[in-house]
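Peer 1: Handing you a structure now.
No value in this document is a laboratory result; all are computed from the given coordinates. As the structure is a prediction and not an experimental result, all values here were calculated from the model. Here Cβ is always computed from backbone atoms with ideal geometry, including for glycine, and neighbour counts include all displayed protein chains.
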Amino acid sequence: MYISGKSVQRISQIYNEQKKPVGKSGQGKRADKVTLSSEGRQLQAIIAKASAEVPSKKAEELKAAVSSGTYHVKGEDIAASIIKYYKQRM
């Protein structure tokens, strides 16, 4: 690959132009701006609400039972749930 002095100078010139301040008075820096759509704001509100909610007492009990290894489910219950799931999909 060959890079001439002119190429390097042009790259340097472009870089320096981008660093120059922009604004009405020629002062100040460019600022990035992010705008969320209405759907994005709604999703953000839902996520904030969900993260603020406290888990129910039953959920906490189940979590503790699973982590301690004392939570057991019958095989028949699992099979019944699988059958019910596939029947609903048909």
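Peer 1: From the backbone phi of region 80-90, what are the Karplus-calculated ³J(HN,Hα) couplings (6.51 cos²θ - 1.76 cosθ + 1.60, θ = phi - 60°) in whole Hz, Gly and Pro given as x?
Peer 2: These are the phi-based 3J(HN,Hα) values: 4, 5, 5, 4, 4, 4, 6, 5, 5, 7, 7 Hz.
Peer 1: So, one more: Going by a ≥ b ≥ c, the root eigenvalues of the Cα gyration tensor, does region 43-90 fall in the rounded group (a/c under 1.5), the prolate group (a/b larger than b/c) or the oblate group? Can you show the working numbers first?
Peer 2: Values: a/c = 4.20, a/b = 1.32, b/c = 3.19.
Because a/c hits 1.5 or more and a/b fails to exceed b/c, region 43-90 counts as oblate.
Peer 1: Points 7 angstrom from Cα along the Cβ direction at GLN13 and ALA64: gap in nanometres?
Peer 2: 7.3 nm
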